[in-house]
Structures are given as structure tokens and as C-alpha cells.
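Take a look at the structure below.
The values are calculated or read from the model by the stated rules, or taken from the named source; none is laboratory data. Small disclaimer: the values here were computed from a predicted structure and weren't measured. Note that we place each Cβ from the backbone using ideal geometry, even for glycine, and neighbour counts take in every protein chain shown.
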Amino acid sequence: MKIKIQIKYVLGKLLFELEKDNNTIKDTLQQAVKDGATLDGANLVGANLYGANLYGANLVGANLDGATLDGANLDGANLYGANLDGANLDGANLYGANLVRANLYGANLYGAKELDKAYLPIYMKWGIAIKGDLLRIGCKEKTFEEWENWFAGTEEFSTERNTEDFKRIQASFLAYKAYYEFMK
């Protein structure tokens, strides 16, 4: 049975459509990428894109809120300013992906591959969020005690120690720690 699926701009303008037997949003999006379609501002809320090949996809400002991107290939994809709040990117390949200005606050990036080789928003380095007794700095979560031990150690993630960036991250940690302790 032929199924027609349309990918539309968040305000309703048609960006791409595909009609084929047993079509899915994943098939339609992969074909759009393969055809070089510009998908700026595409509305892909909640889309199941598990394992999709989106190599080099142009998804500037796309709304992928709650999308399933587990195991997707986003190598070289342009997701500048995209909304990935609540998206699951476990096992996704992010090598060279442009995530600058993307909303990744509620995204699951644990298990994402090549995250250190993606172009990330500034808050991924310096942004901090408290979740219960856990503190998330960038894409890592630890307890306050684990972070204190880490800062006292020598291990590095993507920011070298003894740099201005590292000092900013540590200062942000100390500020959040003071806030957390004051609120307890």
C-alpha cells in the first residue's frame, strides 16, 4: 500500500514529500537528504528516526523535539539552531555535526559517538544543570562529590586543564555547589 508522507516547515510550508509502498518518516527523511533537499525548520517532532542515515543533512532550525535518533548517522549534519529537547541520540554518530545554537538541554546524549568531534553550543562546555543529587556539566553527570574529586585530579574531558575555559567551567561548578549547599 502506497503511503505519502510530507515533511513540512514548522509554519506549514511543504519542504519534501515521498510516496511509496510502506513509507515511513525515516524513509522520507533519508530520501530528502539523499536528494539534497533543504530541510531548514522542518517539523520532525517525535519522529522515529532510529538508525537513520542523515549524513550531511541540512536541518538548520529543525524541530526534533522528542525525536528518536538512536544509532542515527548525523556525520556532517547541519543542526544549527535545531530543537533537540527530549531527543534520544544514544549511539548516534555526531562526527562533524554542527550543533551550535541547538537546544540540547533535554536531549539524551549518553552513548552518542564522536560528540567531542561535533561543533557544540557554548553551554555544552560551561553549562551546568542540577538533576536531584546529580550535577550535569556539559554532557557528563556526576554527584557533587565525584565532581570535586574530578576537579582535584588530572583527568581531562574535552577541555584542557590550566586554560581559561577550564577555569570558567570550574568557577561555574563552584557557584552551583555553593547554591546547592545554601538551598539544602
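Side notes on the structure shown:
- Close pairs (6 angstrom Cβ cut-off, 6 or more residues apart or separate chains): under 18 Å from Asn23 (Cα atoms) in region 38-53, surrounded by fewer than 17 Cβ atoms within 10 Å (Cβ to Cβ) and of a type in the set (A, V, I, L, M) anywhere: Asn43/Val10
- Scoring Gln6 on the criteria (1) surrounded by fewer than 17 Cβ atoms within 10 Å (Cβ to Cβ); (2) in a loop (DSSP other than H, G, I, E, B) leaves a single failure, condition (2).
- Here Lys2, Lys26, Lys8 are screened, and the one residue that is at pLDDT 95 or above, within 30 Å of Lys140 (Cα to Cα) and more than 16 Å from the chain's Cα centre (by Cα) is Lys26.
- Region 149-178, residues that are without any contact (Cβ under 8 Å) to a residue 12 or more places away in the chain and in a helix (DSSP H, G or I): Asn149, Trp150, Ala152, Glu164, Phe166, Lys167, Ala171, Leu174, Ala175, Ala178
- Scanning region 121-132 turns up at least one residue that is exposed (fewer than 14 other Cβ atoms within 10 Å of the Cβ), assigned to a loop (DSSP other than H, G, I, E, B), over 20 Å from the mean Cα position of the chain (by Cα) and at pLDDT below 80.
To keep it simple, each residue is scored yes or no on (1) crowded, with 21+ Cβ neighbours inside 10 Å; (2) out of contact with any Ser or Thr (no Cβ under 8 Å at 6 or more places or on another chain); (3) farther than 19 Å from Tyr9 by Cβ; (4) not charged (D, E, K, R).
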position	(1), (2), (3), (4)
Leu64	yes, yes, no, yes
Gly71	no, yes, yes, yes
Asn78	yes, yes, no, yes
Ala82	yes, yes, no, yes
Gly86	no, yes, yes, yes
Leu99	yes, yes, yes, yes
Ala102	yes, yes, no, yes
Glu114	no, yes, yes, no
Lys117	no, yes, yes, no
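- Single condition Leu69 does not satisfy, out of (1) farther than 21 Å from Ile128 by Cα; (2) over 10 Å from the mean Cα position of the chain (by Cα): (2)
- For region 16-42, a residue qualifies if it is more than 16 Å from Tyr55 (Cβ to Cβ) and surrounded by fewer than 18 Cβ atoms within 10 Å (Cβ to Cβ), and the qualifying residues are Glu17, Glu19, Lys20, Asp21, Asn22, Asn23, Thr24, Asp40.
- Selection count, region 78-108, where residues are within 12 Å of Ala42 (Cβ to Cβ) and aliphatic (A, V, I, L, M): 2
- Members of region 127-184 found to be out of contact with any strand residue (DSSP E or B) (no Cβ under 7 Å at 6 or more places or on another chain) and of a type in the set (Phe, Trp, Tyr), listed by number: Phe151, Phe166, Tyr179, Phe182
- Region 29-50, residues that are part of a loop (DSSP other than H, G, I, E, B) and more than 21 Å from the chain's Cα centre (by Cα): Asp35, Gly36, Ala37
- Members of region 58-76 found to be in contact with a strand residue (DSSP E or B) (Cβ under 7 Å, 6 or more places away or on another chain) and either farther than 17 Å from Gly106 by Cβ or not in a strand (DSSP E or B) (or both), listed by number: Asn58, Leu59, Val60, Ala62, Leu64, Asp65, Leu69, Asp70, Asn73, Leu74, Asp75
- Residues located in region 95-116, provided they are at pLDDT below 85 and not in a loop (DSSP other than H, G, I, E, B): Leu115, Asp116
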